[in-house]
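S.K.: The structure that follows is given in the form of structure tokens.
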């Protein structure tokens, strides 16, 4: 028994200050975590591998348990099975990294949260939904706060000046908006392929671009099967990822994805669904739900989700393309640019207590992104690579969509914005539509 106690102590001792990085790039979610630690006993931070969950949570932790520490993983799993509460001992906030490896820890944290005074006791990180979810007996309602973390936005990685704030656009004050942007189309193509992986933002050139290919390899070779213990074929996983990359920003049904894949492989619809669900569980895919406003006419609204990867670089890697390829194929560049913008808009909007949706009618009228806050305010966004013709087209679409909304039953849009790539300026047009380069935006 004394020997077991000794092991428990050894397994929970880490030098927390040593893991707090001097060159850490602050994340927008830092403020969210700090705030939630003041009013919740435990916080679960979820998101794709490599997006920076552990590093960010280390900045807030006073003690740490790394469940996947190779020197202690077997011991950690044994303790989680026979004495899960022993792993929770330590200064608070206590970080439990990759908690889903031992689902029983959830109920142990919930129990401890019930029997401790105050808030901010535990930080949990997870890069997958646990396969053995049946071992979790309590939802955590009232004790846990859920925080979604994504790869870095351009403002976090330093490529956006942040001269234009979404919070300002949502504000009722009529403040002027103007900013310059020096980003070129070449810059945008590079940022699409590099992605928002924190490690890649410290690298340059090919060294930065290779990170997304390494991520893709990890997903198709291992992660897509490990998430639920179901063996999945690497070649089929690659074909699926490639098809999903070709359908970024669309509402393509599984039958369309299946037909696309079956040019190369005889893959059933059920198999497509199984693989796709696995990708969602490891936060590789994050589709955009449909928005349902009150319209003046009885126009039918499409309710299917719009397909997106959590980061545009995954799509670029799946297609096997680099910045030069995108510059030679502006249609594909535009699709992947939309994925980049949706990623950033999600990061910024959720920091304002909002969500990002997609709107489309059966007749084909659509709006790329609807940013909807909890207080009912919302903004309409069209995403365009740039150029006067595309900006004009986007502005016209926004005005048409806004005119169809029944403002006697809901608020009028707080703003209309064309979000662009290589535009030189952020400004407000005479028709009150904002034109904003993504490299000038922040939350």
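Values in this text are rule-based calculations from the coordinates and carry no lab data. Since we're looking at a predicted model, the values are computed, not measured. Cβ: placed from backbone, ideal geometry, glycine included. Neighbour counts: every protein chain shown.
S.K.: Using only C-alpha positions, report the orientation-averaged shadow area of the convex hull of the range 254-350, nm², one decimal.
M.R.: Computed as one quarter of the Cα hull surface, the answer is 8.7 nm².
S.K.: Just want to confirm a number: the relative contact order over the chain, from Cα pairs under 8 angstrom separated by 6+ residues, in percent.
M.R.: Result for the chain is 17 percent.
S.K.: So which residue, out of 76, 23, 328, gets the largest mean-square fluctuation from a GNM of the chain using Cα contacts under 10 Å as springs?
M.R.: 23
S.K.: Among 378, 24, 215, which one moves the most in a GNM of the chain with springs linking Cα atoms closer than 10 Å?
M.R.: Maximum among the listed residues: 24.
S.K.: Okay, moving on. Which residue, 394, 320, 196, tops the fluctuation ranking in a GNM of the chain built on C-alpha contacts under 10 Å?
M.R.: 320
S.K.: In nm², what is the average projected area of the convex hull enclosing the Cα atoms of the range 135-253?
M.R.: Here the figure is 12.9 nm², rounded to one decimal.
S.K.: How high is the relative contact order of the range 177-317, given as a whole-number percent (alpha carbon pairs under 8 Å, six or more residues apart)?
M.R.: Reported relative contact order: 30 percent.
S.K.: A further question follows. Once fully extended, how much extra length lies between residue 410 and residue 31, figured as 0.36 nm per residue of separation less the alpha-carbon to alpha-carbon distance?
M.R.: Full-extension gain reported as 133.4 nm.
S.K.: Need the full-extension length gain, residue 222 to residue 168, defined as separation in residues times 0.36 nm minus the C-alpha distance. One decimal, nm.
M.R.: 15.1 nm
S.K.: Let me know the shape class of the range 293-333, please: from the alpha-carbon gyration tensor, a ≥ b ≥ c as square roots of the eigenvalues, rounded when a/c is under 1.5, otherwise prolate if a/b is greater than b/c, or oblate.
M.R.: It is prolate, given that a/c is not under 1.5 and a/b is the larger ratio.
S.K.: Could you work out how far apart the two model spin labels at residue 303 and residue 256 are, taking each label as a point 7 Å from the Cα in the direction of the beta carbon, and quote it in nm?
M.R.: 1.9
S.K.: Could you check what % of the DSSP bridge pairs in the range 353-443 are antiparallel, to the nearest 5?
M.R.: Within the range 353-443, antiparallel bridges account for around 50 percent of the total.
S.K.: How much of the DSSP beta bridge set in the chain is antiparallel, as a percent to the nearest 5?
M.R.: 40
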